[in-house]
Amino acid sequence: MSTDLVVRNIGELLVVDDAGLGRVHDAAVVIAGGRVAFAGPARELGATLDVNVRQIDAHGALVTPGLVEPHAHPIFAGSRAAEFAERARGATYAEIQAAGGGILSTVRATRAAGDDVLVEGTLRRLDRFLLNGVTLAEAKSGYALDPDGELRLLRLLQAARARHPVDLSPTLLMHVPPPDADRTEYVRQFVSHTIPAAAPLCEALDVYCDVGAFTIDETRRLLEAGRATGLLLRVHAEQFTHTGAADLAAELGARSVEHLEQLGPDAPARLARAGTVCNLLPGAALTLKLPWPDARRMIAAGCRVALGTDCNPGSSHTESLPLMMSLACMQMGMTIEEAWLGVTREAARAVGRADAGTLRPGARGDLVVWQTDDHREVVQRYGTPLVGTVIVGGQAVSGPGS
Ligand SMILES: [Zn+2]
């Protein structure tokens, strides 16, 4: 197999594998056929490389796997900046809803937007994910609500995926029942028709279980329909109120549970046994002034913990996964090593792509060359862009060398 790229002169290489984080100094990475062929000490590389192979000199910098975003809502239209301003002035969620804000304002704008507007908006968000070191992102529908509109958003996510170096893992999100709908009929429609129709267009089904969204009984019916079609299962669980949705997720073998600010006492052990990844979203807790998810309790119980931006127009409008690592360490008691695993190995597990978030041989040739030589600084220097060159499948797609 021909070599695509050699990255030399790496000061610190973060190798992520089943054992955890490994650090190698004076390292090199070789990518062949779009995949990692070698990642380790430069002295083991040998001198047999073709001199014509494309090379990047990292000048002693930190190199890591491309980051994996496990939870994002990147396809929507409209702006909720006015709502953010009202919130900053002290308005409550109920006041914002009464003024026409909240999820339903994004639903109105998304339904009214043309396909090209929605795809372009998604592509620009993927540009910003790339500038933050992300090379693979989960991507939820969820701002159309009606069956045909949700299928349209999944098709548009596939269109965006075909046009951008950031790879996507699309998810059908059951966000909230439309206010004008007969709830029973709406759930029945998705169970019998829409979820099976969506299955070829996505990899997972996510149900928002909370006050104002779906009940625990509705969530079970929808998830069972998703499981029957072979989709991975996710649940927005225990964010505003404790519903027992995390226990349901563990029982059904869900791939991930999201938020978990109000997690019950026994759920962590059940989630750990089920291998369900806890996708923690510090940006939503920060924006909505919710209690921080108790990451230490989950980790102590043996849970897998990943970190996501929750990128969405209302409760967490950001594409910065490095900032989420900073918040996790500064506010949630996570260690720097746990934060890095949360945006690499554990996020890849949540998304269902074992070949991402790692540099073992055969993994995707996705790398980030950082503007620092120390992985701890990426977390410490919060809000500061430190991504240098991003490489996807052995090609430099952003930053110097692209
Ligand atoms: Zn979300």
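Here's a check for you: in the range 99-120, which residue that is small (Gly, Ala, Ser) and loosely packed, with under 15 Cβ neighbours inside 10 Å is nearest to LEU154 (Cα to Cα)?
GLY114
Does ALA350 meet the test of being in contact with a Lys or Arg (Cβ under 9 Å, 6 or more places away or on another chain), within 16 Å of the ligand (Cβ to nearest atom) and within 30 Å of ALA37 (Cβ to Cβ)?
In short, yes.
Failed condition for VAL211, given (1) at pLDDT 95 or above; (2) among the hydrophobic types (A, V, I, L, M, F, W, C); (3) over 18 Å from GLY342 (Cβ atoms), with all others met?
(1)
Just to verify a result, which residue in the range 348-402, among those that are in a strand (DSSP E or B) and of a type in the set (Ser, Thr, Tyr), is nearest to LEU14 (Cα to Cα)?
THR389
Contact list please: Cβ distance under 7 Å, first residue in the range 206-221 and touching a residue at least 24 places away in the same chain (Cβ under 8 Å), second residue within 12 Å of the ligand (Cβ to nearest atom) and among the hydroxyl-bearing types (Ser, Thr, Tyr), pairs at least six apart or on different chains.
Going by the 7 Å Cβ cut-off, the qualifying pairs are ASP206/THR171; PHE214/TYR208.
Restricting the range 285-304 to residues that are at pLDDT 95 or above and touching a strand residue (DSSP E or B) at 6+ places or on another chain (Cβ under 7 Å), which is surrounded by the fewest Cβ atoms within 10 Å (Cβ to Cβ)?
The qualifying residue surrounded by the fewest Cβ atoms within 10 Å (Cβ to Cβ) is ILE299.
Being within 16 Å of the ligand (Cβ to nearest atom) and of a type in the set (Asp, Glu) is the filter here; which residues of the range 18-72 pass it?
Residue satisfying the conditions is GLU69 alone.
Restricting attention to the range 312-330, does a residue exist that is in a strand (DSSP E or B) and of a type in the set (Gly, Ala, Ser)?
Yes, the range 312-330 has at least one match.
Report whether or not PRO385 is closer than 16 Å to LEU67 by Cβ and either surrounded by fewer than 18 Cβ atoms within 10 Å (Cβ to Cβ) or small (Gly, Ala, Ser) (or both).
Yes.
What number of residues within the range 256-276 are within 21 Å of ARG221 (Cα to Cα) and either touching a helix residue (DSSP H, G or I) at 6+ places or on another chain (Cβ under 6 Å) or surrounded by fewer than 24 Cβ atoms within 10 Å (Cβ to Cβ) (or both)?
Within the range 256-276, residues that are within 21 Å of ARG221 (Cα to Cα) and either touching a helix residue (DSSP H, G or I) at 6+ places or on another chain (Cβ under 6 Å) or surrounded by fewer than 24 Cβ atoms within 10 Å (Cβ to Cβ) (or both) number 7.
Tell me whether the range 291-306 contains one or more residues that are within 16 Å of the ligand (Cβ to nearest atom), assigned to a helix (DSSP H, G or I), more than 18 Å from LEU248 (Cα to Cα) and of a type in the set (A, V, I, L, M, F, W, C).
No; the residues of the range 291-306 include none that is within 16 Å of the ligand (Cβ to nearest atom), assigned to a helix (DSSP H, G or I), more than 18 Å from LEU248 (Cα to Cα) and of a type in the set (A, V, I, L, M, F, W, C).
Hey, can you tell me all the residues within the range 140-150 that are crowded, with 19+ Cβ neighbours inside 10 Å and either farther than 19 Å from LEU104 by Cα or over 19 Å from the mean Cα position of the chain (by Cα) (or both)?
Once the filter is applied, which keeps residues that are crowded, with 19+ Cβ neighbours inside 10 Å and either farther than 19 Å from LEU104 by Cα or over 19 Å from the mean Cα position of the chain (by Cα) (or both), the range 140-150 yields ALA144, LEU145, GLU150.
Could you list all residues from the range 315-326 that are within 16 Å of the ligand (Cβ to nearest atom) and under 28 Å from ALA250 (Cα atoms)?
SER315, SER316, LEU321, MET324
The values are calculated or read from the model by the stated rules, or taken from the named source; none is laboratory data. In this text the structure is predicted, and so the values were computed from the model without any measurement. Please note: Cβ atoms are built from the backbone with ideal geometry, for glycine as well, and neighbour counts cover all protein chains shown.
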